[in-house]
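This report concerns only the one structure given below.
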Amino acid sequence: MGGPFKKNGYQTESFLSIPLTHHGRTLGALHLTNRKDQQPFTHEDLKVFAPITSEIAAILAQGIGFRENVRHFSLSILTSLSDALELRFPFLSGHSNRVRDLSTRIGERMGLAKSDLSALRHAAALHDVGIVGIPGNLLAKKRRLNEQETEMVRKHPFLGSKMLEGVPGMDATRRAILEHHEHFDGSGYPYGLRGDDISVAARILSVAECYDSAVSARPHRGAITPAEALQMIRGGSGTRFDPEVAQLFATTAPSH
Ligand SMILES: [Fe+2]
C-alpha cells in the first residue's frame, strides 16, 4: 500500500486501490494516494471507503446498462433497415446473413479474439446498410452503371459507417464497413488503403462479400458457379484480397 514513486513531479507516498464491483462484476477501481498524515493506508481506511465504492459501482453499472441498451436498440433498428433493403431488392435476399456466416468462419479460422469476431459479425450483417442512401433505381438497373452512377453507389461504405456513428462500442464495426471495398494492393475505395492499413475485419469481409455477390445473380449480370467464384478469389489473392484471407477462404469455402 505504500512506497515512494515519482512521476511528473508528483510523489506518491502511499496508495490504496479498491475494486469497484457490482453483483460480482468488477467495473473499475478507486485509487487513493497520499494519506494526509503521511502514514500508509490501513484496513480501517478500506472499511471507511467500502460503502462509497459500492455506490460508485452501482452508478457505473447503471451507466453501462444504459449504454448497452442504446447499443442493442440502435443495432436492431439498423438490422431492420438492412432487412428492409433485402425485401426491396430481392436479388440481395439473404446476402447479409450469408456474408456474416462466411466472414465468421474465416475469422474463427484466423483465431480472431471474441470481441474482434463480434465486430466482424456486426460489420458483415450491416456492411451494405448504407445502400439505403443510394437512389433505388441505380441498383435495379439492368446495365452496367456509368461513371457518375458508380461514384454514387461507391458512397455506401461511408454512408453505412456514418449510420453507426454515435452507437456505443461500434468503432471496429464502423471501420470494417467503411473499408470493405478497399483492395489489398491499394486500388480499392474510398481511400485506396493497402495491406495491413486495412482492418483485418474489412479484409475478411471483402473476400466473403465478393464471393457471395459473385455466386448470386444481379440485375445487370448472371451468377457464376461456386468453383468459378473460388477461382476468382484465388486469382485476386495479393491484389484485391489479402493472400492469407484468400487462402483460408479457399480451404473453408461452402463448395468444399
Ligand atoms: Fe458493399
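The values are calculated or read from the model by the stated rules, or taken from the named source; none is laboratory data. Quick caveat: nothing in here was measured; it's all calculated off a predicted structure. Virtual Cβ from ideal backbone geometry, glycine too; neighbours counted across all protein chains shown.
The residues listed here are Thr239, Thr150; of these, the one that is of a type in the set (S, T, N, Q), over 17 Å from the mean Cα position of the chain (by Cα) and at pLDDT below 95 is Thr150. Of everything in region 189-234, what is over 28 Å from Lys141 (Cβ atoms) and in contact (Cβ under 8 Å) with a residue 60 or more places away in the chain? Give them in sequence order. Once the filter is applied, which keeps residues that are over 28 Å from Lys141 (Cβ atoms) and in contact (Cβ under 8 Å) with a residue 60 or more places away in the chain, region 189-234 yields Val200, Ala201, Ile204.
Residues in region 221-247 that are crowded, with 18+ Cβ neighbours inside 10 Å and either of a type in the set (Asp, Glu) or assigned to a helix (DSSP H, G or I) (or both): Ala229, Leu230, Ile233, Asp242, Val245, Ala246. State yes or no: is Ala113 away from the ligand (no atom under 12 Å from the Cβ), surrounded by 11 or more Cβ atoms within 10 Å (Cβ to Cβ) and farther than 17 Å from Tyr189 by Cα? The answer is no for Ala113. Report yes if Leu139 is at pLDDT below 90, crowded, with 17+ Cβ neighbours inside 10 Å, among the hydrophobic types (A, V, I, L, M, F, W, C) and farther than 25 Å from Ala250 by Cα, otherwise no. In short, yes. Taking region 12-54 as the range and being among the hydroxyl-bearing types (Ser, Thr, Tyr) and over 26 Å from Arg67 (Cβ atoms) as the test, the residues that pass are Thr12, Ser14, Thr33, Thr42. Just one of the listed residues (Thr53, Thr26, Thr42, Thr33) is free of Cβ contacts under 8 Å to residues at least 60 places away in the same chain and in contact with a Phe, Trp or Tyr (Cβ under 6 Å, 6 or more places away or on another chain), namely Thr33. Scanning region 201-236 for residues that are under 26 Å from Arg121 (Cβ atoms) and not hydrophobic (A, V, I, L, M, F, W, C) turns up Arg203, Ser206, Glu209, Tyr211, Asp212, Ser213, Ser216, Arg218, Pro226, Arg234, Gly236. Of the listed requirements (1) part of a loop (DSSP other than H, G, I, E, B); (2) more than 21 Å from Pro190 (Cα to Cα), Asn97 misses just one: (1).
In region 55-64 there is no residue matching the filter, namely being touching a Leu at 6+ places or on another chain (Cβ under 7 Å) and either charged (D, E, K, R) or loosely packed, with under 11 Cβ neighbours inside 10 Å (or both).
Every residue, every condition in (1) more than 16 Å from the ligand (Cβ to nearest atom); (2) out of contact with any Lys or Arg (no Cβ under 6 Å at 6 or more places or on another chain); (3) of a type in the set (Phe, Trp, Tyr), yes or no:
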| site | (1), (2), (3) |
| --- | --- |
| Leu85 | no, yes, no |
| Phe91 | no, no, yes |
| Ser96 | no, yes, no |
| Asp101 | yes, yes, no |
| Thr104 | yes, no, no |
| Glu108 | yes, yes, no |
| Ala119 | yes, yes, no |
| Leu126 | no, yes, no |
| Ile131 | no, yes, no |
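For Leu102, the requirement of being over 18 Å from Met170 (Cβ atoms) and hydrophobic (A, V, I, L, M, F, W, C) is met. Only one entry in Ala123, Ala57 is closer than 30 Å to Ile18 by Cβ and part of a helix (DSSP H, G or I), namely Ala57.
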